[in-house]
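Working notes, beginning with the structure itself.
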Amino acid sequence: SALQVNNKIFAMLSSDRLVVKLPRQRVDALIAAGDGERFDPRRNGKVMKEWFTLDPTSELDWLPLGREAMDFVASGSSRL
């Protein structure tokens, strides 16, 4: 249940929440705005700095976030 571009994941669902890969600064801004948190895949406090989990109560649209993530990963700017 993941979306890929150039064989690299840019968006997925985890526990029924949208998770997208974005630049670290963008993730920081989304968190500061109260729209979600960094992705913690193992739920052990070791978060992924370029992965953002959208809060279910956020009013942000999923589609623009997905497109932004796809563009980011397709550009090759993301770390792997």
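Things worth noting here:
- Number of the condition not met by LYS21 [criteria: (1) surrounded by fewer than 14 Cβ atoms within 10 Å (Cβ to Cβ); (2) in contact (Cβ under 8 Å) with a residue 40 or more places away in the chain]: (1)
- Residue selected from segment 47-80 under the condition in a loop (DSSP other than H, G, I, E, B) and within 15 Å of SER14 (Cβ to Cβ), by the criterion most open to solvent (accessible area, probe 1.4 Å): PRO56
The values are calculated or read from the model by the stated rules, or taken from the named source; none is laboratory data. Because the structure is a prediction, the values reported are computed rather than measured. Positions of Cβ are backbone-derived with ideal geometry, glycine not excepted, and every protein chain shown enters the neighbour counts. Heavy atoms of the whole protein, side chains included, go into the accessibility calculation; ligands, DNA and RNA do not. Shrake-Rupley method; radii C 1.70, N 1.55, O 1.52, S 1.80 Å.
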